[in-house]
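The values are calculated or read from the model by the stated rules, or taken from the named source; none is laboratory data. The structure displayed is predicted, hence computed values, not measured ones. Virtual Cβ from ideal backbone geometry, glycine too; neighbours counted across all protein chains shown. Heads up: the accessible areas ignore ligands, DNA and RNA and are worked out on the full protein's heavy atoms, side chains in. Shrake-Rupley method; radii C 1.70, N 1.55, O 1.52, S 1.80 Å.
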Amino acid sequence: MSEFYFMDGKYVEAEKAMIPVRTHAFLYGTAVFEGIRAYWNEEEKQLYVFRAKEHYERLMRSAKIMYMDCPYNVEECCEITKKLMAKNNYRQDAYMRPTLYKSAQKVGPGLYDNEDSFMIVSNKMGDYIDTSKGLKVCVSSWRRNSDNAIPPRAKVAGSYANAALIKTDAHNAGFDDAVVLDEAGQVTEGSAMNLFLVQNGKLVTTAKTDNILVGVTRNTVMEIAKDLGIESEERAIDRTELYISDEAFYCGTGAQISPITSIDNRKLGNGQVGPVAKELQKLYFDVVKGKIEKYKHWCTPVY
C-alpha cells in the first residue's frame with residue numbers, strides 16, 4: 001500500500017509528491033520544519049500524535065523569523081496531520097515532518113517576492129537512537145551557529161548543515177554524537193537535540209537564550225521531572241561541567257531520551273546509564289503513549 005503525503009492542499013501518493021528542481025527552498029535552504037512523532041499504544045489499539053499543537057506553534061514562530069506565512073493556522077495543521085496519519089493507517093510508531101518552504105523558482109537568496117508552500121511527509125519510525133544503552137559523545141570542534149547568524153531558535157532547514165558537520169565528524173571519530181559549544185565556549189546542545197546534565201539529583205540545562213532550539217521534548221522533560229520530584233535549572237553551562245556531572249542525556253523528538261555515559265572519553269558516574277535518566281525515560285515512554293492521564297491532553301488520538 002502506498003503512503004500518502006500532504007502537499008499543495010491535497011493528500012497525494014508519496015511517489016507522486018515532487019517539487020521543481022529550481023525551488024528556492026531546495027537551492028537556498030529557505031524552509032522551516034518540525035519533527036513530530038506518533039506512538040502506537042498496543043493495549044488501546046490507538047495511535048497518539050504527541051504534542052502536535054506545541055510543534056505547530058513553534059513552526060509559526062520559526063515562520064515569523066523567516067518572513068513566512070503559513071496557509072493554515074495551528075488548529076488546521078493539527079487536523080491535517082491527524083487525517084494524514086489515519087489515511088496512512090499506521091499501526092506502529094511513526095514520524096511526520098511538516099515543512100513550510102519558499103517555493104518560488106527564482107535565483108537569489110531574498111525572502112521577498114517569494115511565495116510560501118506547506119507540506120507534510122510521514123513514515124513509519126522506531127528509535128532514531130538506541131535509547132537502551134549509553135551514548136559515547138565528544139565535544140565538537142564546530143561551533144553552534146548564533147542567534148545573529150542563522151538563529152537556532154528557528155528550525156531552519158539551511159542551518160542543519162551545521163548539525164550535519166557536527167554529527168558526521170563525531171561519527172568519523174568513533175563517537176555516537178557530540179556536544180556543541182557556542183563561539184564564547186559555552187555549552188549549547190547536541191548536534192540536533194537538547195542536552196540535560198544531572199548534578200546532585202538536579203537537572204541542569206542550557207538557557208533558552210544560549211543559542212539552542214527551544215525543544216518541545218525539553219519542555220516535556222522538565223514538566224514530567226516535577227512529577228518525580230526532580231528540580232530543573234536553566235543556566236549557562238561551562239565545558240568542564242560536562243566531565244564532572246553525575247549523568248547526562250539528550251532529548252528531542254528524534255532522540256527521545258537518550259542517556260550519555262561518556263564525554264570526551266571521560267566516564268560519567270560509573271560509566272553506566274544513570275538512575276535519573278532511566279526513571280525519566282520510563283515515564284516519558286508512558287506519557288507519549290497516552291498511558292498517563294495527567295498528560296493525555298498532549299496526545300491526539302488518530303483513530
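The C-alpha atoms of the chain define a longest principal axis, and helix 275-288 lies at about 20 degrees to it. Multiplying the residue separation of Val214 and Asn73 by 0.36 nm and removing their Cα-Cα distance gives an extension gain of 48.7 nm.
Among Ile260, Ile19, Ile230, the largest mean-square fluctuation in a Gaussian network model of the chain (Cα springs under 10 Å) belongs to Ile19. For the pair the range 220-274 / the range 33-87, the C-alpha centres are spaced 27 Å from each other.
Computed from the alpha carbon atoms alone, the convex hull of the chain holds 134 Å³ per residue. Remind me, relative contact order of the chain in percent, using alpha carbon pairs under 8 angstrom and six or more residues apart? Relative CO of the chain lands at 20 percent. Rolling a 1.4 angstrom probe over the protein heavy atoms with all chains in place gives the chain an accessible area of 46 Å² per residue. Of the two radii for the range 183-272, the radius of gyration is 0.93 times the Kirkwood radius, both from the alpha carbons; that is the Rg over Rh value.
Place a point 7 Å from the Cα of Ile19 along the Cα-to-Cβ direction; which residues of the range 196-216 have their backbone N under 11 Å from it? Within reach of a label on Ile19: no residues.
Remark: accessible surface ordering of Arg266, Arg51, Arg235 (largest first) is Arg266, Arg235, Arg51, probe radius 1.4 Å. Annotation for the range 92-171: chymotrypsin sites (Phe, Trp or Tyr not before Pro) lying in DSSP loop with at most 14 further Cβ atoms inside 10 Å of their Cβ are Tyr112. Counting only protein heavy atoms and using a 1.4 Å probe, what share of the accessible area of the range 63-105 belongs to carbon plus sulfur, as a whole percent? Taking all protein chains in place, the range 63-105 shows 44 percent carbon and sulfur surface. In this simple spin-label approximation, Asp169 and Val12 carry label points 7 Å from Cα along the Cα→Cβ vector, and these lie 3.8 nm apart. Surface calculation, 1.4 Å probe, protein heavy atoms: Asp127 sits at approximately 100 Å² accessible. For the listed residue pairs Lys167/Lys291; Lys64/Lys102; Lys53/Lys82; Lys16/Lys53; Lys133/Lys296; Lys133/Lys226, the alpha carbons are over 22 angstrom apart in Lys167/Lys291; Lys16/Lys53; Lys133/Lys296; Lys133/Lys226. Oblate is the label for the range 115-181, because the ratio a/c of its alpha-carbon gyration tensor axes (a ≥ b ≥ c) is 1.5 or higher and a/b is not greater than b/c. Across every pair of non-identical alpha carbons in the range 144-303, the mean reciprocal distance, once inverted, gives a Kirkwood radius of 16.3 Å.
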